[in-house]
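As structure tokens, the structure follows; a few thoughts come after it.
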């Protein structure tokens with residue numbers, strides 16, 4: 001039986017309550033926000049609020065990507081969004097992919113004051129992640145095998161030991177998991193590697209991106225993503241922009257897309 | 001003769017004009033900003049403005065680390081800081097260490113609208129960096145061998161080919177350098193690797209962090225950092241907090257520290 005920390009325990013409760021592995025990616029691209037919201041004070045917040053209203057019954061978590069909030073209004077929108085999601089009882093995972101050294105890493109780890117979990121980049125090594133890992137009650141998802149075409153450029157390099165780099169990263173993350181607060185990011189576009197990694201590190205929950213617009217394998221994601229029932233399968237654009245042509249009813253389509261993904265994943269859950 | 005793009009050509013002019021390789025790291029840690037500035041509207045901007053006034057004669061560039069500006073007031077402070085540095089004729093390199101996939105990477109690359117160059121993380125591979133690399137007039141510094149203790153955890157792993165991962169990253173970055181806009185981040189705390197990398201990729205300018213508070217080797221940084229005379233040696237805390245005990249005269253000490261580092265590096269430049 002896997003020992004989970006408070007974040008993963010809460011996530012398990014949430015997954016059970018809504019019977020869903022779905023992570024809704026809040027990539028509120030300003031260029032794709034519906035016309036009628038663009039005049040609002042904080043259009044990204046106005047957009048996210050409607051998406052949350054329509055999807056929260058199917059959401060195990062929300063995953064805003066920090067890239068879409070990196071300006072003054074963006075950070076205000078993000079703070080409002082996180083508070084609103086929490087009000088609905090849904091945890092928030094900030095997809096920040098941060099990794100930096102010493103005092104700077106500590107500064108980035110302050111982001112965990114506002115959210116429940118974060119994604120981090122392992123290229124700078126253990127000490128760059130310590131300020132995150134030492135937040136024992138939060139979740140820390142280490143990038144391992146990503147879902148993009150170039151994911152293999154570094155991650156797939158064969159080490160002298162015979163294993164690919166991403167396998168070593170998984171083993172390191174497993175070693176760094178002293179507090180039961182570590183997960184991995186493993187893309188759904190590489191289903192064979194998902195299965196291989198699930199076997200290699202049975203205790204680490206996976207966040208599996210790439211099942212929506214990127215066309216990844218939902219069956220593999222639902223089967224191999226969870227560790228002891230706890231894991232997340234993310235879709236961003238496939239949910240939040242499902243109603244792009246629906247005008248003021250855009251959020252209805254988002255709610256339907258979230259429900260569809262939940263049901264599709266549930267057909268493959270153990 | 002190395003072919004440089006507009007960013008590196010401008011940087012060369014700046015290096016020649018001030019006879020300096022010094023990059024001043026604007027890590028405006030809110031907890032270390034002098035008391036008398038904390039009541040200001042934007043304390044980080046007030047701090048940076050004074051640091052820029054005192055150091056710009058010795059600065060080849062300014063390097064704010066994004067970690068210290070990740071909130072609403074922070075982004076406003078950063079924008080003001082960049083504009084002010086530009087007003088003094090000094091280029092700005094945003095130390096963001098970003099790396100993400102597809103549409104998200106494009107969003108991060110928007111940061112290059114405001115600054116002249118950026119640092120990026122290679123773990124997600126070529127396509128994650130394309131939105132940066134395609135800004136042919138800007139500078140893109142790829143993390144290669146970092147100055148922190150855990151830098152070797154991944155970067156030093158031996159590949160099946162016999163080379164360490166950081167060597168392969170350098171070779172990949174060299175291949176990605178189609179526009180003459182690529183540099184590498186190579187820490188001063190690993191002087192032997194600095195020399196080895198300078199030989200391996202003679203055309204790529206290095207940004208060398210770690211000579212200040214981290215105690216790296218200034219001689220190796222000045223000798224092996226530049227490619228055809230163009231390179232940067234960064235100190236952050238060692239300059240900007242040099243006057244931490246000097247009260248309202250803190251910036252004078254910062255100016256002296258920047259001048260000292262310039263002179264020390266110049267003793268070892270070719």
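Derivation of every value follows stated rules applied to the coordinates shown; laboratory data play no part. Just so we're clear, the structure is a prediction, and the values are computed from it rather than from any experiment. Note that each Cβ is placed from the backbone with ideal geometry, even for glycine, and that neighbours are counted across all protein chains shown.
A few notes on this one:
- Annotation for residue A:9 and residue B:53: the two label points, set 7 Å from Cα along the Cα-Cβ direction, are 5.4 nm apart.
- Tilt relative to chain B, helix B:165-176 - C-alpha long axis, 0 to 90 degrees, to 10: 90 degrees
- Counting only other chain Cβ atoms within 10 Å of each residue's Cβ, the peptide A:110-117 averages 1.
- Distances between equivalent label points of residue A:57 across the copies, with each point positioned 7 Å along Cα→Cβ, amount to 7.0 nm, shortest listed first.
- Amide N of region B:43-64 lying under 17 Å from the label point, which is placed 7 angstrom from the Cα of residue B:16 along Cα→Cβ: B:60-61
- Label reach from residue A:83 (point 7 Å along Cα→C-beta): in region B:57-94, amide nitrogens under 14 Å belong to B:72.
- Starting from the label point of residue B:6 at 7 Å along Cα→Cβ, the same points in the other copies fall at 5.1 nm, in ascending order.
- Note on the protein assembly as shown: helix-only mean residue ellipticity at 222 nm, from DSSP H runs of 4+ residues weighted -39500 (n - 2.57) and normalised by residue number, equals -12000 deg cm²/dmol.
- For a modelled paramagnetic label at residue A:244, 7 Å from Cα along Cα-to-Cβ, no residue of region A:123-146 is in reach, as no backbone nitrogen comes under 15 Å.
- With the convex hull of the Cα atoms taken as the outline of region B:6-264, the averaged projected area works out to 12.9 nm².
- Contact order normalised by residue count of region B:166-253, Cα under 8 Å, 6+ apart, percent: 24 percent
- Sorted from shortest to longest, the distances between the residue A:178 label points of this copy and the other copies are 4.6 nm, with each point 7 Å from Cα along the line through the beta carbon.
- Each principal axis of the Cα cloud of the protein assembly as shown was evaluated for its coordinate range; sorted largest first, these ranges are 69, 54, 40 Å.
- Order of A:95, B:153, B:228 under a 10 Å beta carbon neighbour criterion, fewest first: B:228, B:153, A:95
- Rounded tilt (10° steps) of A:6-18 against the dominant C-alpha axis of chain A: 50 degrees
- Where labels lie 7 Å past Cα in the beta-carbon direction, separation of residue A:72 and residue A:136 in nm: 4.1 nm
- Reported to the nearest whole Å, the Cα centre-to-centre distance from region A:227-243 to region B:153-198 is 36.
- Between region A:67-119 and region A:19-42, the Cα center-to-center distance that results, in Å: 16 Å
- On Cα atoms only, tilt of A:250-266 relative to the major axis of chain A in degrees: 30 degrees
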